[in-house]
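Step one of this worksheet: look at the structure below.
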Amino acid sequence: MGPALGREPANTRHVVAWAAQIIAKLQACAGLLVILLLGVSGCTFLRVAGPAPEALPEQPTFSQSGIASWYGKYHQGQLTADGERFDMKAMTAAHRELPFGTVARVTRVDTGQAVKVRINDRGPNVKDRIIDLSSAAGSALGMRDKGMITVRVEVFASDQAP
């Protein structure tokens, strides 16, 4: 049997030396493990395989749907509400609420055609319409023959001047 309690075995020095070596190796492994974990947690090259996620499309800061009309030759050269002369060949529009100088995207709902216009006038003066487009903007949307179309008016921060 082994030594009685309270008595050291004959090879105690060997056991103590062996235990000290084991403890030293465990400490070295623990230190290495800590360094390895810290290194991995800070690595940016570890990524899940696959393509990068796509950015979400920009959301409009204003959106309104309704009827658009156009105006042209009769108003050519007259002062608009912001004080500039109306130019039927410019990509401009009249809106009741949007601030002057705002760039709005006007999309024809039935075809998806879209134009960007700068708001420089107030209107339309007809209750059921939401925007009056210049002759050029109306032509770009293919509405000159129809007179009125259903549109979506949107304002995006990326379209505005800095």
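The values are calculated or read from the model by the stated rules, or taken from the named source; none is laboratory data. For clarity, every value in this text was computed on a predicted model and none was experimentally measured. Note: ideal-geometry Cβ built from the backbone for every residue, glycine included; neighbour counts use all protein chains shown.
Here is how the numbers come out for the structure above:
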read-out: Given (1) part of a strand (DSSP E or B); (2) without any contact (Cβ under 8 Å) to a residue 12 or more places away in the chain; (3) among the acidic types (D, E), number of the condition E97 does not satisfy; value: (1)
read-out: Check on A104, at negative phi and outside the structural domain of G142 (by TED's automatic domain parsing); value: no
read-out: Residues (part of a strand (DSSP E or B) and farther than 14 Å from I67 by Cα) located in the stretch 105-148; value: R105, A114, V115, K116, V117, R118, I119, N120, D121, S134
read-out: Test: residue in the stretch 64-77 that is modelled with pLDDT of 95 or more, within 23 Å of the chain's Cα centre (by Cα) and not charged (D, E, K, R); value: yes
read-out: Leading residue by the ranking (nearest to the chain's Cα centre (by Cα)) among those in the stretch 87-133 that are among the small types (G, A, S) and farther than 18 Å from D159 by Cα; value: G112
read-out: Qualifying residues in the stretch 127-148 (those that are among the hydroxyl-bearing types (S, T, Y) and under 17 Å from H95 (Cβ atoms)) - the one surrounded by the fewest Cβ atoms within 10 Å (Cβ to Cβ); value: S135
read-out: Failed item, numbered, when V151 is tested on (1) in a loop (DSSP other than H, G, I, E, B); (2) surrounded by 14 or more Cβ atoms within 10 Å (Cβ to Cβ); value: (1)
read-out: Odd one out for W70 among (1) part of a loop (DSSP other than H, G, I, E, B); (2) crowded, with 18+ Cβ neighbours inside 10 Å; (3) in contact with an Asp or Glu (Cβ under 7 Å, 6 or more places away or on another chain); value: (1)
